[in-house]
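The values are calculated or read from the model by the stated rules, or taken from the named source; none is laboratory data. Everything numeric here is computed off the predicted structure, so don't read it as measured data. Counting neighbours? That spans all protein chains shown, and the Cβs are built from the backbone with ideal geometry, glycine included.
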Amino acid sequence: MLTLGIDESARGPCIGAMFLVGALFEEDKLLTLKELGVKDSKLLTHRKRVWLAEKIKNIAEKIKVIKVSPQEIDNAVEGKDGLNLNWLEAIKQAEIINELEPDRAIIDCPSPNIRSYTNFLRKYIRKEILDKIELIVAHKADFDYVECSSASIIAKVEREIEVKKIEKITGMPIGSGYVSNPICQKFLKENFDKFPEIFRKSWISWKNHDEARKQKKIVDFKTNEL
């Protein structure tokens, strides 16, 4: 039986893309993954994630990576496509399922309402696949299912590669890309109006800086009129 785990990385940062990964395995390979120490990527060091990602790729039947740009995320968050971030993620998950055609798919659910999320997801899965698939949608699936742990590891490594690429473009560190990170806070404050393609402009952290800039321009304009 072919079993698929799907998970994401970088859903929350204000900088850079989100990555969704599907990892497809023959069921008899799952024990090997556990023996290697595969578990939720958040419980692993960067070095261990990189090592495991290569092992996982060698064991998997197929790996599918989807990179979701900041602009696509902004469109969903702001409702421009009639979506929200959860629905966008579900559509991308369905895309992975439709391409890899597993017998079972395990989804790490981003929504508190599993039933609603599952119903939305099912609408985007091809009927011939939906008729035969065992679909498991659960919270903390990346902790409970080694298939999802494997996907989360590869997604996290892809995100870490993305951060390095962004730092090469900008010529400066961005930290984790999360606004809770002091390095990211500094980078955002000093560069929010530069490198427009890397920022999620629907995030309140970016909007606050943009609004402050607009207010400053209004004040400067009024001062110059006096």
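Which residues, taken from region 68-81, are in a helix (DSSP H, G or I) and not acidic (Asp, Glu)? Step through it out loud before you land on a result.
Taking region 68-81 and keeping what is in a helix (DSSP H, G or I), we get 70-77.
The answer is Pro70, Gln71, Ile73, Asn75, Ala76, Val77.
Between a first residue in region 114-133 that is without any contact (Cβ under 8 Å) to a residue 40 or more places away in the chain and a second residue that is part of a helix (DSSP H, G or I) and of a type in the set (D, E, K, R), which pairs have beta carbons less than 8 Å apart while being 6 or more apart in sequence or on different chains?
Tyr124/Glu95; Leu130/Arg122
Any idea how many residues of region 184-206 are loosely packed, with under 14 Cβ neighbours inside 10 Å and more than 21 Å from the chain's Cα centre (by Cα)?
The number of residues fulfilling the criteria is 4.
Can you tell me which residue is farthest from Ile133 (Cα to Cα) among those in region 82-111 that are free of Cβ contacts under 8 Å to residues at least 24 places away in the same chain and part of a loop (DSSP other than H, G, I, E, B)?
The extreme case among them is Gly82.
Tell me whether region 212-220 contains one or more residues that are basic (Lys, Arg) and modelled with pLDDT of 90 or more.
no
Quick one: Val137 ticks every box in (1) assigned to a helix (DSSP H, G or I); (2) at pLDDT 95 or above; (3) buried (at least 19 other Cβ atoms within 10 Å of the Cβ) bar one, so which box is it?
Against the list (1) assigned to a helix (DSSP H, G or I); (2) at pLDDT 95 or above; (3) buried (at least 19 other Cβ atoms within 10 Å of the Cβ), Val137 comes up short only on (1).
Provide a single number: the residues in region 38-59 that are of a type in the set (A, V, I, L, M, F, W, C), part of a helix (DSSP H, G or I) and within 15 Å of Ile6 (Cα to Cα).
Total meeting the criteria: 2.
With respect to the numbered conditions (1) over 20 Å from Ala10 (Cα atoms); (2) among the aliphatic types (A, V, I, L, M); (3) part of a loop (DSSP other than H, G, I, E, B), which one is the sole condition not fulfilled by Leu33?
The number of the failed condition is (3).
Cβ contacts < 6 Å: first residue at negative phi, restricted to region 63-81; second residue assigned to a loop (DSSP other than H, G, I, E, B) and among the hydroxyl-bearing types (Ser, Thr, Tyr), any location; separation 6+ or different chain. Result?
Once the first residue is at negative phi and sits in region 63-81, its partners that are assigned to a loop (DSSP other than H, G, I, E, B) and among the hydroxyl-bearing types (Ser, Thr, Tyr) give Asp74/Ser202; Val77/Ser202; Glu78/Ser202.
Cβ-Cβ distance below 7 Å, separation of 6 or more or different chains: which pairs start in region 1-15 with a residue that is more than 14 Å from Leu85 (Cα to Cα) and end on one that is surrounded by fewer than 22 Cβ atoms within 10 Å (Cβ to Cβ) and of a type in the set (A, V, I, L, M, F, W, C)?
Leu4/Leu100; Ile15/Ile166; Ile15/Cys184; Ile15/Ile198
Go through (1) in contact (Cβ under 8 Å) with a residue 24 or more places away in the chain; (2) touching a helix residue (DSSP H, G or I) at 6+ places or on another chain (Cβ under 8 Å); (3) crowded, with 16+ Cβ neighbours inside 10 Å; (4) within 21 Å of Val77 (Cβ to Cβ) one by one and return the number of the condition Ile153 breaks.
(4)
Determine, yes or no, whether Leu24 is buried (at least 22 other Cβ atoms within 10 Å of the Cβ), outside the structural domain of Ser176 (by TED's automatic domain parsing), at pLDDT 95 or above and assigned to a helix (DSSP H, G or I).
Numbers: buried (at least 22 other Cβ atoms within 10 Å of the Cβ): yes; outside the structural domain of Ser176 (by TED's automatic domain parsing): yes; at pLDDT 95 or above: yes; assigned to a helix (DSSP H, G or I): no.
No.
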